[in-house]
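One structure below.
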Amino acid sequence: MEERARSCLLRSKDTLEQDIKASYLMDHMISDGVLTTDEEDRVLSKPTRREQAAALLEVLLRKDNRAYISFYNALVRESYGDLANLLHNDLPQLSPEGEKSFSNGVSSLVQLILSEGGVPQRPMVFVNRPALLNQVREKLYQLQKVVGWVTVFGMAGSGKSVLAAEAVRDHSLIKECFPDGVHWLSVGQCERAELLVRMQSLCFRLEQNQTVDSPPRPPNSIEEAKERLRFLMLRKFPRALLILDDVWDSSSLRAFDIQCRVLLTTRNRSLTDSVSGQKESVPVESGLDEEKALEILALYVNAQLHSLPEQAHCIVKECKGSPLVVSLIGALLREFPDRWGYYLRQLQRKQFQRIRKSSSYDYEALDQAMDASLQVLNDEHRELYKDLSVLEKDVKVPAKVLSVLWDLELEEVEDVLQEFVNKSLLFRDCNQRPYMYFLHDLQLDFLTEQNRSQLQAYAKGPPTSADVEGLYWYRFLPHHMARAGLSKELYSLMFSLDWVKNKAQIMGSAHLINDYVEHGAILDQENSEVRLQFQEFLSLNGHQLEQRPFPDLVQLALSQPHCSEVYRQALLQAKERASRGQLYLDWVNKSDVESLSRLVLHPHQNSLYYSCFSRDGSKIASCGASKTLRVFKSNSGEKLQEIPAHDDEVLCCAFSPDDRHIATCSSDRKVKVSLPPRLLVCLFIPLHVCSCLFFSIHHLSLNPSLWNLNKRGSQNTMFGHLQPVNHCCFSPDDTYIATSSNDGSMKLFEVQSANEYKSFDISSLFSENDNNDDDKTGVIVKCSTWSSDGSRIFCAAKNTVFMFNVASEDMLLEIRTSRMSTVQYCHACPNSQLIALALSHYTVELWDFEANKKMAECSGHLSWIPCVQFSPNGSLLLSCSDDQTIRLWETERVHTSSAVALKRDFDVDFSQDGITVVAADSKNRLQVPRTNLTLCLLISYVPHRLLTYMSTYLKIANLNIVWDLSCGKKLQDLECHKGAVLSGDVSTDGSLFSTASADKTAKVWSCASWEMVFSLKGHKACVRSCRFSWDGKRLATGDDNGEIRVSDNGHLLKICSCERKDSMDSFHGGWVTDLHFSPDNKVLVSTGGYIKWWSVDRGEALQTFYTTGANLKRIHVSPDFRTFVTIDNIGILYVLKQVEGVQI
């Protein structure tokens, strides 16, 4: 080895020993012929990884330049790019004794070029195919003067990669056509992130020869990597050849459409239709001729061709010369060379049942070879191999998955998998770290039929692991059971609350919902009602199951109807856990509440601005402040696509009529049209665009312009509005487009001519009395929508929706909502007389515009609703909100609902006879849900309670005014705080009272002297609630950040708070509005966006009850601290009782 190269190895020795794994690198070096198996065994005999690395370097230092080059090449292939960079500048030229080359017939110069380019070496068993080889080289010679593509295509296992690598082992070809080098890249089936890693690796390789002070940073996106590669190929390597191996899809291939010379291997001949440039192709036949197939067998058993037995000819004939089958049988014969007759008999019996002609393989030959392969394994390994039936088609898994499945150490698993790979029973993807393993689909079919009983065992008790990667099969076990016909086991699995909890915690709720949808036909044969109960539970609570830490699923399930199987299982578990001291609450009056939402989704981590159905209703797209576009299934919420759409907030999105494209517009003033995941068109709009809509496959409306996507330019621009346009929508027949503007008007334009057709002055329809003194913006028309027949049009402004006759321009209807609200959006049902209104007070109203009657009110959102839309067939209604959720409603159920909404000002009477609640409803009627108490009892009780409450404090600015109720005299004025006094409480013995203020402090006062006893500081927001413990020694205070502090005689005892803020940017879903201690002062209950129970001593949450609505105002607690009553902001009453434990 040259002195410079040796010196470099010595300098880098410590770094290399620390990072490399010798076993990964030695496989490549043995293939290069620079390392022997004996040397490999000596290295692997060392006990630790670092010692193995040191032993390998010692072996290298005793070898020549070829070993250094091979070691460098192995580092690059195994993704040790930083380590390879250390060795690159000292790469030696091959010594004279190395000029013979690494393999016969290839010069050292060619071998060096191919090694630097990552071209794989010849396989151990190699058979030349001169006719095909010459075809490939002839096509490559045509790239001598022009850039273009040469495609080598054929079935899997036909030898395409070996052929491509062999074609460039030619000195004349490289010298004349590709003097700038040959670079190999294995593409395979990969997601965009994996493709980017491969492109970064190629950029790193090409940039090694550049003399710069510091290497450029890796590209951050596929688009950036594509431009980097284009520049490198054009400026640095104009006559280089790029070999793309195993390309599966056109989207991956387009990433390399960089105007260079490309040789690719693929199964799909038509892939190059998606790229530009000259194109040539070479087909690879699916089977070898008899002579070549026999030559492979002879090489495997180390025998002469003429000495092969007659059974060898029969084997080749039986498997029809399939290269994969011949190699598989050859590998078996290497271990047992006397089994020619045995393997031939196995092939001839044709006793396998699962033969699918749709595969690219010959199923007969492969299945029979598969059975023969199993016979050479020992009994233990044969059983392990059968366990691979839990794998999924076309899914690659790491060794860690099988480590969990087999309950073996990871190193043991890797040894077993190596044996399977060596015997061609398993495939390994070496392009990923860690290595990924997979079965061919026919091998998997064979195992499923042979091993049906194994899946039944997994259904009873699946293995678990804390590593999501190790729980791969949680996603696919129902699929395998359904495919294997294990109906009873599938029922047991899918109707189990334990399975729901485990899978939801690992995979999320959308995967679970999709399981119930996909296997609904099978599950319904057992019990369709139970299947619907589980599916509805997940649909309505899926957004809660996305939270971390993971919520208590049993407590969530206790909110299901009493007749539900989900509730029955949850109650049993709650009683058992309550016996061990855990706290669970049963919602006893939930039968009075009707759930109208069909599905609740939490697709984004920021506010949602728009969502819409696809034209066939099967998908939903959503966008918002997260700058991304998400597409998911409308029946389950399973995410299909997530696209980083823009550099700023995404304001609107729309499907094309054929559902193939999605348009988005953003605050970055760009409009993008995508065929997910690929961007097709990007339009830069000088003005702000807040609405986009397709009206044909190639035409897009951007308020107020029409764009032709083929020409990438504006086709028509509508003029007439004096201020920004908020919304545009097409008539059902695409003849007209309606625009809504800040100038107080709605206009109709003809699509073809862009001429103004009609104009409606909406601002003139409001009187001066309709305008608030605080509203200086004038009348803003938010949006418009057409009736299904196109004869009428609606528009929304302020708190009103108007309906006009299009032909006569007459106003036909005026829908007025609450004066305290505004209509944010409206949409007419495409097949009925319903119109949906999204209102600023967090609700959606449904109106019958023929009868001018409100039919229903949909409540559940916790913030503004910027968008509402019917599905194409009108059966569903979606609404999206700033609370980061999308809710799907069944139109018919909402339409017929008669739910009563209560106000949050209420009182409760707890007595031995029952519980009585009094509250006003949304129509200002007194509602008295009561049990065993008369109304007169309630009336006599309420004033006393209200007066008692008033005697505690009266809030006026920053003063506390204390009154004597017996005579009505004012006893004391106290200037308590620098900010408004928001809450107060009196200790049970009447000696102390507390105040909480917007100045972020709470204070405790003496009732005798009116002096302050102590002041509590530390809150970072308004202190909104306070409560003494029953012994008067402790005070709990809650603030607007959701934090609760418990103090003991003025000293901080505990902070009760979650680990991180929730979606409402709070530790409690909102302000902490009310607090109560248990009689023993050990438990504290608090209200905010939901209800929480805390351990006072530990400061830890004991339980959380998620209400349908939020912004709870107060909670009433029974004297025994076992019953809790509250009302949420959408008017739902909750009577919660603590679950009693079972007797143990």
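The strands (runs of 3 or more DSSP E) found entirely in the stretch 965-1010 that carry 2 or more residues being under 48 Å from the mean Cα position of the chain (by Cα) and at pLDDT 90 or above are 981-986, 992-997, 1002-1006.
Taking the criterion of being of a type in the set (Val, Ile, Thr) and modelled with pLDDT under 60, the residues of the stretch 901-940 that qualify are THR931, THR934, ILE939.
Scanning the stretch 1086-1118 for residues that are of a type in the set (S, T, N, Q), modelled with pLDDT under 90 and farther than 11 Å from TYR1134 by Cα gives a single hit, ASN1111. Would you check if VAL59 is in a loop (DSSP other than H, G, I, E, B) and open to solvent by less than 20 Å² (accessible area, probe 1.4 Å)? Judged against the criteria, VAL59 is not a match. Among the residues examined, LYS1020 qualifies as under 45 Å from the mean Cα position of the chain (by Cα), surrounded by fewer than 13 Cβ atoms within 10 Å (Cβ to Cβ) and at pLDDT 90 or above.
Every condition in (1) touching a Phe, Trp or Tyr at 6+ places or on another chain (Cβ under 9 Å); (2) farther than 19 Å from SER763 by Cβ holds for ILE793 except the one numbered (2).
Applying the criterion of at least 2 residues that are open to solvent by 40 Å² or more (accessible area, probe 1.4 Å) and at pLDDT 80 or above to the helices (runs of 4 or more DSSP H) found wholly in the stretch 69-165 leaves 81-88, 130-141.
In summary, strands (runs of 3 or more DSSP E) completely within the stretch 546-616 and bearing 1 or more residues that are open to solvent by 40 Å² or more (accessible area, probe 1.4 Å) and within 25 Å of LYS1061 (Cα to Cα) occur at 608-613. Of all residues in the stretch 840-860, those that are assigned to a strand (DSSP E or B) and farther than 13 Å from MET803 by Cα total 11. All conditions in (1) touching a helix residue (DSSP H, G or I) at 6+ places or on another chain (Cβ under 7 Å); (2) modelled with pLDDT of 85 or more hold for GLU2, with the sole exception of (2).
Scanning the stretch 484-531 for residues that are open to solvent by 50 Å² or more (accessible area, probe 1.4 Å), closer than 25 Å to LEU447 by Cα and within 26 Å of the chain's Cα centre (by Cα) gives a single hit, GLU518.
The sole residue among SER403, SER373, SER359 that is under 24 Å from ASN431 (Cβ atoms), polar (S, T, N, Q) and either modelled with pLDDT of 80 or more or not in a loop (DSSP other than H, G, I, E, B) (or both) is SER403. The residues listed here are PRO463, PRO434; of these, the one that is more than 27 Å from LEU558 (Cβ to Cβ), modelled with pLDDT of 65 or more and not in a helix (DSSP H, G or I) is PRO434. Looking at this structure, is ILE243 under 24 Å from LEU173 (Cβ atoms), without any contact (Cβ under 8 Å) to a residue 40 or more places away in the chain and among the β-branched types (Val, Ile, Thr)? The answer is no for ILE243. Checked against (1) farther than 24 Å from ASP921 by Cα; (2) within 33 Å of the chain's Cα centre (by Cα); (3) β-branched (Val, Ile, Thr), ILE1130 passes all but a single condition, namely (1).
I'm checking my understanding of the structure. Among residues of the stretch 466-510 that are of a type in the set (Lys, Arg) and assigned to a helix (DSSP H, G or I), which one is modelled with the lowest pLDDT? Filtering first and then ranking leaves ARG483. For the stretch 988-1013, a residue qualifies if it is polar (S, T, N, Q) and surrounded by fewer than 19 Cβ atoms within 10 Å (Cβ to Cβ), and the qualifying residues are THR988, SER991, SER1006, SER1009. For the stretch 1042-1126, the strands (runs of 3 or more DSSP E) that sit wholly inside it and include 3 or more residues that are open to solvent by 40 Å² or more (accessible area, probe 1.4 Å) are 1051-1056.
The values are calculated or read from the model by the stated rules, or taken from the named source; none is laboratory data. None of these values were measured; they are calculated from a predicted model. Note that we place each Cβ from the backbone using ideal geometry, even for glycine, and neighbour counts take in every protein chain shown. What goes into the accessible areas is simple: the full protein's heavy atoms, side chains included, and nothing from ligands, DNA or RNA. Shrake-Rupley method; radii C 1.70, N 1.55, O 1.52, S 1.80 Å.
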